[in-house]
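Remarks on the structure that follows.
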Amino acid sequence: ISEIVSLTEEWVDEAGEVLADAFHDYPLTRYLFEGSGARYHVELRSSFRLDCLYRVELGWPFLGALADGKLVGVALVVGLNRSPENSALRKMESSLLSSFGAQTATRLREYGDMKSRRKPRRRHMYLESMGVLAGHRGEGHAGRLLRRAHQISETTPASAGVGLDTQLPGNLPL
């Protein structure tokens, strides 16, 4: 059984790697980073690492599943303060997007815009990414991470719940 913990900046690199590994063969990330070629995993890890840094800097939930002290799962939740104004983060994001190349940067922006147009109207937390290392899937880590996200939402008075999306039907029972 894993211990679910709030991660700190010290975990950013490892969490980025866990998520890059977990999403390596995910259809959406394959599409978004299709133009990356041999740099696919490096760019995917860099993108997730930036997502982790957002949680640290903005105080959004940044959750980890530890099994025997090893990070085996990560959940990145968007908090209720959805308009990050941190200029250092914005500069990092801009620099990262430009390093990805035009096709990937365009696809990432388009996907973000599409998600924004379809989000529920009520204020809620959003589970942006959740991944578990392949060797630890089926052990309940994702369910525990999801339950912790719900607990955080339930103790946040302005939150109407937790939203998420998936492109894999097999994830729906979770």
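The values are calculated or read from the model by the stated rules, or taken from the named source; none is laboratory data. Everything numeric in this text was worked out from a predicted model, so none of it was measured. Cβ atoms come from the backbone with ideal geometry, glycine included; neighbour counts cover every protein chain shown. Each accessible area value is taken on the protein alone, full model and side chains, heavy atoms only, with ligands, DNA and RNA left out. Shrake-Rupley method; radii C 1.70, N 1.55, O 1.52, S 1.80 Å.
Summary of values
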item	result
Portion, in percent, of the accessible area of the chain that falls on carbon or sulfur, probe 1.4 Å	51 percent
Accessible area per residue in Å² at 1.4 Å probe, computed on the chain	55 Å²
Candidates 142, 158, 105, ranked by Gaussian network fluctuation over the chain, Cα under 10 Å, top entry	158
Value of Rg to Rh for region 1-91 (Rh from inverse mean 1/r over Cα pairs, i.e. Kirkwood)	0.99
Compactness relative to 2.2 N^0.38 Å, alpha carbon Rg of region 1-52	1.23
Residues of type lysines that residue 91 reaches as a straight line, Cα spacing below 25 Å, ignoring anything fewer than 8 places off in the same chain	115
3J(HN,Hα) from dihedral phi, region 63-68, Karplus parametrisation 6.51/-1.76/1.60, rounded to Hz, x for glycine, proline	10, x, 9, 9, 10, 6
Radius 13 Å from Cβ of residue 45, net charge of other residues (Lys, Arg +1; Asp, Glu -1)	-4
Reduced Cα scattering model of the chain, Debye log10 I(q)/I(0), q = 0.16 Å⁻¹	-1.01
